[in-house]
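The values are calculated or read from the model by the stated rules, or taken from the named source; none is laboratory data. None of these values were measured; they are calculated from a predicted model. Backbone-built Cβ (ideal geometry, glycine too); neighbour counts: all protein chains shown. Each accessible area value is taken on the protein alone, full model and side chains, heavy atoms only, with ligands, DNA and RNA left out. Shrake-Rupley method; radii C 1.70, N 1.55, O 1.52, S 1.80 Å.
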Amino acid sequence: MKSARITGPNEPLKVVELETPHPKDNQVLIKVKAVGVCHSDLHLWEGGYDLGDGQFMKVTDRGVKFPVTPGHEIVGTVEEFGNDVKGFSKGDSVLVYPWIGCGECPACKVNNENLCDTPKSLGVFQDGGYSDYSLVPHFKYLAKLNGVDPESATSLACSGLTAYTAIKKSNQNSPEFLVIIGAGGLGLMGVQIAKAITKAKIICVDLDDRKLETAKEMGADFVMNSKDTETSNKIISVCNGKGADSVVDFVNAPPTAKMGLTVLRKRGNLVLVGLFGGSIDLSLVTIPLKSIIIQGAYTGNYSDMLELLELARKGTINPMISKRYSLESANSALEDLKARKIVGRAVINP
Ligand code: NAD
Ligand code: ZN
């Protein structure tokens, strides 16, 4: 099989020929039809995350081993399977749940494998979908598409799933006003999902007017370009002068996290999702005085992915795929995402 692999931080991906694995027991070999290109693939490619103050968290210190085949938004057809696999036949179109856990820790025991203590996620800790074939360790991680468009379905494994978890968390205080920061792959899914499952008025913030235009088409009630230094004041004034009930930050860098805290009203709820990173100073006394909640959200669990597939099947959400690449041009896909040239999601068709 052919795979585009990361050999080391910032090294161009190498397309290599590897032996196609033969699935055993519960394993399933998927012939990859499309794999989403996520900003997290970029962080993996860059070798880690910005911790702020010149510090860097290396992915190799978190258990990643190079070379690795990235790609965690995998859709394809069942090609071959082990003897213990039930309920799937050759040719079935499936979406792969990539956030595989150890199965033993407290999170895995309540089916939140995405929050596992020792994760084995596909495309991060084991080879993923930038490849014409992908080996899935157990058939329980597959979901049949049953009519959902394969390319759109890719984003339901990560960008849609993460946005879904984050928007659910942001909806816990029944917001009248919800601010979504970042209108990229995740944020645009966030806007659609917020429109579908909350009653909030949605204010979407980005640096790019094209993306804000798309956010508006997808249901944002207000859009604001944060290059404007008055953005925080404008958000507060849209929110009846009190500020937003909830903010979901799909960027989560110092300027956006500061903006999130500034526009949050009393009893507000800030959900941090993006991995752009960095660090900020917190005014500690403000947190109890305003009684705000600051929380993180990391991908989602398998049942959330099934719920999302159902929303996509009904047409309630419609993930946007704007660009397609071959496996050989995987480098260009990552470069274009880095240069902010992609609106919505790009996929690789191996
Ligand atoms: P993307 O590149 O598609 O979108 C990022 C968007 O943020 C772009 O529209 C960009 O214009 C905007 N942006 C950047 N800096 C900004 C700023 N200062 N102010 C306003 N807007 C700004 O990325 P994506 O695939 O949507 O991923 C977003 C982030 O979420 C990445 O860091 C990714 O790794 C992370 N992520 C987190 C999880 C999780 O589970 N927590 C899951 C997947 C991705
Ligand atoms: Zn992702």
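Just one of (1) open to solvent by less than 10 Å² (accessible area, probe 1.4 Å); (2) away from ligand 1 (no atom under 14 Å from the Cβ); (3) touching a Ser or Thr at 6+ places or on another chain (Cβ under 9 Å) fails for A183. It is (2).
Can you find a residue in region 283-297 that is open to solvent by 40 Å² or more (accessible area, probe 1.4 Å), in contact with a Ser or Thr (Cβ under 8 Å, 6 or more places away or on another chain) and either outside any helix (DSSP H, G or I) or of a type outside the set (K, R) (or both)? No - not one qualifying residue is present in region 283-297. Among the residues making up region 319-332, those that are touching a Lys or Arg at 6+ places or on another chain (Cβ under 8 Å) and in contact (Cβ under 8 Å) with a residue 40 or more places away in the chain are P319, M320, I321, L327. Exactly one residue out of N269, N318 is among the polar types (S, T, N, Q) and surrounded by 18 or more Cβ atoms within 10 Å (Cβ to Cβ), and it is N269. Return yes or no: is V110 β-branched (V, I, T) and open to solvent by 40 Å² or more (accessible area, probe 1.4 Å)? Yes, satisfied. Of the strands (runs of 3 or more DSSP E) entirely within region 28-100, those holding at least 1 residues that are within 16 Å of ligand 1 (Cβ to nearest atom) and open to solvent by 60 Å² or more (accessible area, probe 1.4 Å) occupy 48-52, 55-58. Being more than 21 Å from the chain's Cα centre (by Cα) and open to solvent by 70 Å² or more (accessible area, probe 1.4 Å) is the requirement here; does K2 meet it? Criteria met by K2. Screening the candidates D127, D117, D149, D132 for the property of being charged (D, E, K, R) and open to solvent by less than 40 Å² (accessible area, probe 1.4 Å) yields one hit, D132. Only one entry in V273, V285 is within 16 Å of ligand 2 (Cβ to nearest atom), within 25 Å of D53 (Cα to Cα) and at pLDDT 95 or above, namely V273.
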